[in-house]
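Everything on this sheet refers to the single structure shown next.
The values are calculated or read from the model by the stated rules, or taken from the named source; none is laboratory data. Because the structure is predicted, anything quoted here is derived from the model rather than measured. With ideal geometry, Cβ positions are generated from the backbone for all residues, glycine too; neighbour counts draw on all protein chains shown.
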Amino acid sequence: MKKNYIETKNVQDICKMLHLPTKEASRISVKVGIAVAIRNKIEKQHLTQIEASKKAGIGRTVITAIVNGNLASISTDRLLDVAEGLGLRVRLEVA
């Protein structure tokens, strides 16, 4: 069976593949990290997307986009609001 995806080792490779500036790598990494934490929290609490959206105070379509990894139209600030609404505490580490 033919693969319908490309495997990459890191965010920098994704940026190169999508012809994005490599400086976008840290932004993408932050957004994806928050989105994964949100999805894990929803799964861990066995919430439906409607329940999660009510708890976070946003529309269901935003939760659907996050769960499906469609983050292009969702800002980092919005992801932070959703995470906090679901009871997550987000911490940023600068090294």
Checklist entry - Is there any pair with a first residue in segment 57-75 that is over 14 Å from residue 32 (Cα atoms) and touching a residue at least 24 places away in the same chain (Cβ under 8 Å) and a second that is surrounded by 13 or more Cβ atoms within 10 Å (Cβ to Cβ) and of a type in the set (Lys, Arg) whose Cβ atoms are under 8 Å apart and which are 6 or more apart or on different chains, and what are they? => result 58/78
Checklist outcome for this item: Condition set modelled with pLDDT under 80 and of a type in the set (Val, Ile, Thr), scope segment 1-31, selection surrounded by the fewest Cβ atoms within 10 Å (Cβ to Cβ): answer is 6
Checklist entry - Mind checking which residues of segment 81-95 are under 14 Å from the mean Cα position of the chain (by Cα) and more than 20 Å from residue 51 (Cβ to Cβ)? => result 90
Checklist entry - Taking segment 59-71 as the region of interest, how many residues are of a type outside the set (Gly, Ala, Ser) and surrounded by fewer than 17 Cβ atoms within 10 Å (Cβ to Cβ)? => result 6
Checklist entry - Across segment 32-48, which residue is farthest from residue 67 (Cα to Cα) among those that are under 15 Å from the mean Cα position of the chain (by Cα) and surrounded by fewer than 16 Cβ atoms within 10 Å (Cβ to Cβ)? => result 33
Next on the checklist: With the structure loaded, tell me whether residue 11 is hydrophobic (A, V, I, L, M, F, W, C) and under 16 Å from the mean Cα position of the chain (by Cα) or whether it fails that test.
Outcome noted: yes
